[in-house]
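Accompanying notes for the structure given below.
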Amino acid sequence: MWTERVRTAVLRHRVAVGVVWLLVLLLGGATAVLGLGRLDQSFTASGGPGHRANRAVQERYGNGAAVAPLVAVVTWDVRTRESAERLADALDRVAGPGARTVSYAGTGDEGFLGADGRTVYALVYPGAGKPDLAGLAAVEEAAVSLRAGLRTALPEARVEVTGVLPLQHDSALAGPGAAALAVKAACALGLLLVLVLAFRSALGVLAPLLLAAVTSVGALVLVEAVAGFAEISFVVVYLVPVTAFVVAVHRWAQPPGTADRSAVTGGAAGAAGAAACAVLAVCPAAFLRSVGVAGLAVCAVGTAAALTLTPVLRSVAGPVAVPRPVRRARALPAVGLVRPARALPAVGLVLLVLLTGAATQLRVGNPEARALVASGPARDGLDRLAAAGVPSGVLNPLEVLVPEGADATEVAARAARVPGVLLAAAPAAWQRSGSALVVVVPEGEPMTAAGAGTVTALRSALAGTGVLVGGSGVVDRDLVDGVYGLLPYAVPLAALAAFGVLSRRLGPDPAARAALGGLLAAGASAGALVVVWQSGPAGTGAVTGWVPLVVGAFAFCVSLERSAASASGGPGWAGGVAAVAGALAVLAVGIGPQVELALLVSGFAAGAVAAVASGRLLVVRAGVRPRSSPQLV
């Protein structure tokens, strides 16, 4: 068998093989860190009308566009001419060079006033605000300067500064509380305990961690190489290491006595995952392409490590996985299913199906402002707006780029008549190269049904005028139209590609069930986000758009790995160990007050559990399994 020849050659040159992988880890790690700048850090869906508008705004004005503005909230009587002039002067002086501001003081539009007549808000676009990580950090720093400067300039007024980015920043600064730290520590200890109980030795515990590390580094290097000539999103930085870790634990849990079969099966699962990811990699949407390229890289490097590094580590570590004795399974007539001795209860199947159904109710978008942080300076500003009756849609205004020759005032007047628009203004200072900008403030946040409806209605009202509708409020709509709109076509094709590869190794029936299990795991992981976060106690109202894509791809690939190994005679407990280890690892790292990070890590945990659960429900007899192989559990 060719795997035996590979294994023999690897063990004959084990030192050289070990040195090569060590260089991959060290040099590749340095290369991966230096190459992170090649990845697109904007987290926006490229190619859509909103992206084109935001790019044009960014090129001409240097700020705003996809970056939500700061919102200065001032409680003060600005209806007198003197107070309005003082406010306008203070905003101009403290906003910084290159900043754009708009408020009641400059427009006289009472949409900038609260219901109490004393609370006024101003939109401030800092000069250094680009839709990347560095630009977002600059906006967060500008919020601190703006708050301090306005309080100094207007000592008799109550001044707060809020906005989407300041709210997220305050969440990051809050840090995990005592309870969260205790949970993180418990998860870390639980992870160590699971690995020790499964692998029985120090080297046995370290080996899957090493396999995961080299796979992650090698995959990231490949992804960054692709990013040199194609747009690849930064989200792969989250997908690669988690997928590599779970797959590494699962492959290391395969019994050493079946190393050859494990390698072949792992290669088949990797090839199936690669085929599925290759379908995504050729998609026109950058987010799907990024996920596909990352999955393809993990499958390729992971399979290479399984065939070469794993035998070397096994020769040093010795037996590290001891399969549990299991009872024989009883075959169901005709259909070829195996009834495990400890079958997942029927309630488990119902739960997975219900979660998959819940995924159809997914609302894509950043979490609502009220869910981002419970306290802090930015939350004080948000609460002040709410108390004054100002809707939270002001945090995500739209920017309409008016081309040369068009009347910006007329565009603003037409926009103001759109249902759901609080105000529309055309500041005289917002003109560059013959173009002008109109700011449109919606009442609803863009992730809500009302906010999304406003964006759609505004685009319809301005259709045919030559204007471009951009701003932070259109990013979610672009993601829905440009990325999620492709999923009904891309997902079945990816599953079909995985089935085609697995059927050659496992046969049509096991391959079909493995592909179905992957789809069920992906859907259930997205549904868990809907139930727990969007509609659950957290009440985020929406799920960050790229998170379900990353989590779903992870669950699909891990489920294929588990199903292929089980159908080929691998121990059933291996999938459980990998799932629990993966869930504990991400929870130990990510539990904390940052809502978007919590969304991601809980999605990964749900995906790991869903992958092993769906696999247990769809295990079948495979003709390639030797008679001496253990029964599936």
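Descriptive notes on the structure:
- Segment 177-216 - residue that is at pLDDT 90 or above and of a type in the set (Ser, Thr, Tyr) and, of those, nearest to residue 237 (Cα to Cα): 216
- Residues of segment 529-542 satisfying the condition of being crowded, with 19+ Cβ neighbours inside 10 Å, among the hydrophobic types (A, V, I, L, M, F, W, C) and in a loop (DSSP other than H, G, I, E, B): 542
- Exactly one residue out of 33, 74 is surrounded by 24 or more Cβ atoms within 10 Å (Cβ to Cβ) and among the β-branched types (Val, Ile, Thr): that is 74.
- Filtered by the rule that a residue be within 21 Å of residue 552 (Cα to Cα) and assigned to a loop (DSSP other than H, G, I, E, B), segment 458-490 gives a lone residue, 483.
- Number of the exception - residue 427 against (1) under 16 Å from residue 466 (Cα atoms); (2) not in a helix (DSSP H, G or I): (1)
- Looking only at segment 380-408, residues that are of a type outside the set (A, V, I, L, M), over 30 Å from the mean Cα position of the chain (by Cα) and part of a helix (DSSP H, G or I) come to 1 in all.
Condition check ((1) at pLDDT 80 or above; (2) in a helix (DSSP H, G or I); (3) among the hydroxyl-bearing types (Ser, Thr, Tyr)) across all residues:
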residue: 558; (1), (2), (3): yes, yes, no
residue: 576; (1), (2), (3): yes, yes, no
residue: 581; (1), (2), (3): yes, yes, no
residue: 587; (1), (2), (3): yes, yes, no
residue: 593; (1), (2), (3): no, no, no
residue: 605; (1), (2), (3): yes, yes, no
residue: 614; (1), (2), (3): yes, yes, yes
residue: 627; (1), (2), (3): no, no, no
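- Residue in segment 124-139 that is touching a Lys or Arg at 6+ places or on another chain (Cβ under 6 Å), buried (at least 17 other Cβ atoms within 10 Å of the Cβ) and not in a loop (DSSP other than H, G, I, E, B) present: yes
- Comparison of 503, 435, 460 shows that the only residue that is crowded, with 20+ Cβ neighbours inside 10 Å, farther than 26 Å from residue 369 by Cα and of a type in the set (Ser, Thr, Tyr) is 435.
- Segment 71-93 residues that are closer than 21 Å to residue 392 by Cβ, paired with ones that are in a helix (DSSP H, G or I) and of a type in the set (Val, Ile, Thr) (beta carbon under 7 Å, 6 or more apart): 71/394
- The requirement of being within 29 Å of the chain's Cα centre (by Cα) and in contact (Cβ under 8 Å) with a residue 40 or more places away in the chain is not satisfied by residue 111.
- Sole residue being surrounded by 13 or more Cβ atoms within 10 Å (Cβ to Cβ), in contact (Cβ under 8 Å) with a residue 24 or more places away in the chain and more than 17 Å from residue 595 (Cα to Cα), chosen from 192, 165, 150, 206: 150
- In segment 369-390, the residues that are touching a Gly at 6+ places or on another chain (Cβ under 7 Å) and at positive phi: 389
- Residue within segment 506-528 that is touching a Pro at 6+ places or on another chain (Cβ under 8 Å), assigned to a helix (DSSP H, G or I) and more than 16 Å from residue 296 (Cα to Cα) present: yes
- Selected residue (criterion: nearest to residue 220 (Cα to Cα)) from residues of segment 1-43 that are among the charged types (D, E, K, R), in contact (Cβ under 8 Å) with a residue 12 or more places away in the chain and out of contact with any strand residue (DSSP E or B) (no Cβ under 9 Å at 6 or more places or on another chain): 38
- Some residue of segment 479-489 being closer than 30 Å to residue 384 by Cβ and not hydrophobic (A, V, I, L, M, F, W, C): no
- Single match in 441, 411, 455, 373 (criterion: assigned to a strand (DSSP E or B), among the hydrophobic types (A, V, I, L, M, F, W, C) and surrounded by 22 or more Cβ atoms within 10 Å (Cβ to Cβ)): 441
Listed here are the residues, each with its yes/no results for (1) of a type outside the set (Gly, Ala, Ser); (2) surrounded by fewer than 21 Cβ atoms within 10 Å (Cβ to Cβ); (3) more than 19 Å from residue 235 (Cα to Cα).
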position	(1), (2), (3)
5	yes, yes, yes
17	yes, yes, yes
20	yes, yes, yes
24	yes, no, yes
45	no, no, no
58	yes, yes, yes
61	yes, no, yes
68	no, no, yes
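The values are calculated or read from the model by the stated rules, or taken from the named source; none is laboratory data. The structure presented is a predicted model; accordingly, all values stated were derived computationally and were not measured. Virtual Cβ from ideal backbone geometry, glycine too; neighbours counted across all protein chains shown.
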